[in-house]
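Student: Take this structure, written in structure tokens, and hold onto it; I'll ask about it next.
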Amino acid sequence: MSRQEDSSATVDVLTAGEAFDPADRAAVYRAIATRRDVRGEFLPDPICEDALSRILAAAHQAPSVGLSQPWDFILVRDRKTRARVAEIFAEANEEAAGRFPAERQAQYRSLKLQGILSAPLNICVTSDPTRGGPVVLGATHMADTDLFSTVCAIQNLWLAARAEGIGVGWVSILHENRVKAVLGIPAHLRLVGYLCVGHVRGFHDRPELEKRGWRERDDLAMHVHNERWTATGAGIR
């Protein structure tokens, strides 16, 4: 039976594929270039529900392997709950400090690495590897693709938040299972991102770790390879 004869066949409808106009294109690149990991600049003002809905909708529009949509977003506003997570961070942060060379430990401890209590909203982002069923299209040979998909959702959320003038800080110095216990997260889910979210006094002009002398951003050429991996990048031809 031809496609034309099969009334149940899906009709492919494509939207226009031309480049964005210059202003829209510049706005996309501006959001990417000015996105920051916010830690100490949060304001206590609550986020309006309309803006929060737009940010979460942007996250939910992320690509996912096999359209599995493995993410969930736990909105944490209660201060007592956030205080328990902050305690977990404090313990993990002290453990982390001891893993750096002695000459860097003081610098590490001087860095503010979270805004769990100062941000009015925390969002815990989880990933469910079972969401797409026992066999997920696209994940048959790379088992961690649900995590990759969830990180795409977080990046969407982050960029949308920047466009709304809202800051996001990703806290990764946490004991995963202890946070899962506090938030009642099922054992088979992974905690991918614990985000501090809120309006800010302003955004740093450069990444804060770069400004504080922790590391500098590499030249792009160091990370671009042509045809196959080489010990040093060759840049874009």
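Student: State whether the residues of segment 53-65 include one that is more than 17 Å from the chain's Cα centre (by Cα), among the small types (Gly, Ala, Ser) and either surrounded by 15 or more Cβ atoms within 10 Å (Cβ to Cβ) or assigned to a helix (DSSP H, G or I) (or both).
Tutor: No.
Student: Then there is this: Within segment 123-142, restricting attention to residues that are assigned to a loop (DSSP other than H, G, I, E, B) and of a type in the set (A, V, I, L, M), which residue is surrounded by the fewest Cβ atoms within 10 Å (Cβ to Cβ)?
Tutor: VAL135
Student: Quick check: is even one residue across segment 192-211 among the acidic types (Asp, Glu), farther than 21 Å from PRO70 by Cα and surrounded by 11 or more Cβ atoms within 10 Å (Cβ to Cβ)?
Tutor: Yes, segment 192-211 contains a residue that is among the acidic types (Asp, Glu), farther than 21 Å from PRO70 by Cα and surrounded by 11 or more Cβ atoms within 10 Å (Cβ to Cβ).
Student: Still on this structure: Return the residues of segment 89-112 that are in contact (Cβ under 8 Å) with a residue 24 or more places away in the chain and over 20 Å from CYS196 (Cβ atoms); say none if nothing qualifies.
Tutor: GLN107
Student: Just for segment 66-88: of the residues that are without any contact (Cβ under 8 Å) to a residue 60 or more places away in the chain and outside any strand (DSSP E or B), which one is surrounded by the most Cβ atoms within 10 Å (Cβ to Cβ)?
Tutor: ARG82
Student: Among the residues of segment 154-168, are any in contact with an Asp or Glu (Cβ under 7 Å, 6 or more places away or on another chain), part of a strand (DSSP E or B) and surrounded by 11 or more Cβ atoms within 10 Å (Cβ to Cβ)?
Tutor: Scanning segment 154-168 turns up at least one residue that is in contact with an Asp or Glu (Cβ under 7 Å, 6 or more places away or on another chain), part of a strand (DSSP E or B) and surrounded by 11 or more Cβ atoms within 10 Å (Cβ to Cβ).
Student: Still on this structure, I have one more. Does ASN93 meet the test of being in contact with a Leu (Cβ under 7 Å, 6 or more places away or on another chain) and part of a strand (DSSP E or B)?
Tutor: no
Student: If I ask for residues that are buried (at least 16 other Cβ atoms within 10 Å of the Cβ), modelled with pLDDT of 85 or more and not β-branched (Val, Ile, Thr), which ones from segment 98-116 would you list?
Tutor: Listed by number, the residues that qualify are GLN114, GLY115.
Student: Hey, can you tell me all the residues within segment 143-153 that are surrounded by fewer than 20 Cβ atoms within 10 Å (Cβ to Cβ) and either modelled with pLDDT under 90 or closer than 26 Å to THR34 by Cβ (or both)?
Tutor: Passing the criteria: ALA143, PHE148, VAL151, CYS152.
Student: Looking at segment 188-209, is at least one residue outside any loop (DSSP other than H, G, I, E, B), within 26 Å of GLN105 (Cβ to Cβ) and modelled with pLDDT under 95?
Tutor: The answer is yes; a qualifying residue exists.
Student: Within the bounds of segment 109-122, is there any residue that is part of a helix (DSSP H, G or I), over 20 Å from GLU208 (Cα atoms) and not polar (S, T, N, Q)?
Tutor: no
Student: Residues to consider are PHE89, PHE73; find the one that is modelled with pLDDT under 95 and either touching a helix residue (DSSP H, G or I) at 6+ places or on another chain (Cβ under 7 Å) or more than 20 Å from ASP45 (Cα to Cα) (or both).
Tutor: That would be PHE89, the only listed residue that is modelled with pLDDT under 95 and either touching a helix residue (DSSP H, G or I) at 6+ places or on another chain (Cβ under 7 Å) or more than 20 Å from ASP45 (Cα to Cα) (or both).
The values are calculated or read from the model by the stated rules, or taken from the named source; none is laboratory data. Because the structure is a prediction, the values reported are computed rather than measured. Please note: Cβ atoms are built from the backbone with ideal geometry, for glycine as well, and neighbour counts cover all protein chains shown.
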